[in-house]
Amino acid sequence: MSTEIKIEISPEAEALIKRLRDTSRLLPKAIAETLDRENELTVSAIQDERLSGKSSKGYENVGGDWQQKKAKRKGFQWRVVKLESLSGKQVLHVRSNLLRKSIRRSVATVNGSAIVSAIGSNVKYAAIHEYGGTTPAHVIRARNRKSLAFRFKGDLIFRRQVNHPGSKIPARPYIGPTIAERKTMYKTAIYATITQLLGQETP
């Protein structure tokens, strides 16, 4: 034989439980919105601090020409915000401003227990400068003149086209290091969002 004793919690405790339920429901969306705001700041930092170098020779150090309409048809090369151990600061030289203007963020999404956001570019040469790589062999043809002109062993050579063997491009990351530099700012902003939902003061 047993005796059942019912213990009712106080109205204050019930209110706290309700608040915690509401918080757990609203928190993922609030953090996603915080990531979006921080990513906007990161995009600005990439553009201002990593993609604003001026070339004394007037050439862009980020690859060849690429038409805007073609770039829009290409898939985005993303680097997800989860990044570790990145260091060093390099500034890529700017000629066309295409790469600089193409940097954008994705909208943060809630995926199970994770909240995912990303920053990237859809410009053709964006990925090779972030990660490094080798360009394939290709043919260079004269476009605006009847022939190409270049010097080889002191002699001036004219050709309608030349076979380029390809180039090895070193990694010159500009997205990853900027995200890494702002990790503390991301953490601070997310912590502030959580404490605000809980109705607590940030320290």
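Derivation of every value follows stated rules applied to the coordinates shown; laboratory data play no part. It should be emphasised that the depicted structure is a prediction, and the values quoted were computed from it without experimental measurement. Positions of Cβ are generated from backbone atoms using ideal geometry, with glycine treated the same way; all protein chains shown enter the neighbour counts.
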Note to self: If packing is taken as the average count of other Cβ atoms within 10 Å, what order do 147-156, 101-110 fall into, highest mean first?
What the structure shows: 101-110, 147-156
Next item on the list: Can you put R160, R100 in order of Cβ neighbours within 10 angstrom, beginning with the fewest?
Entry: R160, R100
Item checked: Peptides ranked, highest mean first, by Cβ atoms within 10 Å: ranges 114-122, 13-21 -> 114-122, 13-21
Check: Which links in K101/K183; K29/K101; K101/K146; K124/K153 stretch past 26 Å when you go from one Cα to the other?
Finding: K29/K101; K101/K146; K124/K153
Note to self: How charged is the neighbourhood of Q161? Take every other residue with its Cβ under 11 Å from the Cβ of Q161, and add Lys/Arg as +1 and Asp/Glu as -1.
What the structure shows: +4
Margin query: Expected output is a single nm value to one decimal: the length gained when fully extending between K29 and S96, i.e. 0.36 nm times separation in residues minus the C-alpha distance. What is it?
Written below: 20.4 nm
Notebook entry, point to check: In what sequence, highest mean first, do 23-30, 173-180, 128-135, 188-195 appear when ranked by Cβ atoms within 10 angstrom?
Noted result: 173-180, 128-135, 188-195, 23-30
Checklist line | Gain in span if fully extended, V110 to K187, counting 0.36 nm per residue against the direct Cα distance | finding: 26.0 nm
Check: What is the extension gain from N122 to R151, computed as 0.36 nm multiplied by their sequence separation minus the C-alpha to C-alpha distance, in nm to one decimal?
Finding: 6.9 nm
Notebook entry, point to check: So for D36, D48, fewest C-beta neighbours within 10 Å to most, what's the order?
Noted result: D48, D36
